[in-house]
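Rule-based calculations on the coordinates, nothing more; no lab input. Note that the coordinates shown come from a computational prediction; the quantities given were computed from them, not determined experimentally. No Cβ is skipped: glycine too gets one built from the backbone with ideal geometry, and neighbour counts run over all protein chains shown.
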Amino acid sequence: MSHARLLWFLVSLPLMAAAAAPPLTVVLDLRGARYEDRSIREMEAEAQRILSQAGLRLDWIRKEDVPQFAQFDSLVLFRFTGNCVIEPNPMMFDERGPLAFTSSSDETVLPFGEVRCDRLRVSLQRELKSADYERGDILMGRALGRVMAHEVYHMVTRDPGHTESGVAMRSLSASELVRGDLSLDREAIKRIQASFNRHELAASGR
Ligand SMILES: [Zn+2]
């Protein structure tokens, strides 16, 4: 490969990658929740790590920081409720119901979700050992990131369905939310990338 050609190749690679995956703006409405900043940073890193596997890049912004009349290529919004802070000696809560959910109307998934920290926290506290409490903020952030990656999967694909394995499975246990690695499986990556292609076709008017 000649120098000029190699240079062209190196320069064009990031451009091609950017064209394939427009950034997804994730608006966080944390005003109704208790949380630690470290958990939110960990959440953002974990969700990005997982969704990068499908070439998805996330831009994070707090709801109160969104400029008036701002325009975004594609945007999803998450509202957080309850207490996202892991504490020893948890009080027992009624934990029935989902950890998070995505709004939908007539089978179409809408880009709005709610993360219910009280349910997530109670579910995690059953799994955590006493040594885990020292890094409870990190584990809570990791779990939040995995829950968000799951919901973003529904929003981007506009599909309420699930995959057999990985982060887009129907239900994730507390252990799967904090232990080991959790990734998108092949099927989830395929579905997300197919949704980029639909978006590109629509944007170019074909
Ligand atoms: Zn789901």
- Could you tell me which trypsin sites (Lys or Arg not before Pro) in the stretch 100-161 are loop residues by DSSP with no more than 13 other beta carbons within 10 angstrom of their beta carbon? LYS129
- How much length, in nm to one decimal, is gained on full extension between GLU87 and HIS199, taken as 0.36 nm per residue of separation minus their Cα-Cα distance? 36.1 nm
- Item | Least to most buried among THR102, THR81 (fewest other Cβ within 10 Å first) | THR81, THR102
- Förster radius 45 Å - calculated FRET efficiency between PHE72 and SER165 (Cβ-Cβ, nearest 0.05): 0.90
- Query: Relative to the Cα centre, what is the charge dipole magnitude of the stretch 21-193, using +1 at the beta carbon of each Lys and Arg, -1 at the beta carbon of each Asp and Glu, and rounding to the nearest 20 debye?
  - Reply: 120
- Query: Taking the radius of gyration and the Kirkwood hydrodynamic radius from Cα positions alone, what is the Rg/Rh ratio for the stretch 21-193, to two decimal places?
  - Reply: 0.95
- Item | Calculated FRET efficiency for the pair SER103/ASP185, C-beta based, R₀ 25 Å, to 0.05 | 0.50
- Query: What FRET efficiency would be calculated for the residue pair ASP59, GLU127, taking the C-beta separation as r and a Förster radius of 35 Å, to the nearest 0.05?
  - Reply: 0.65
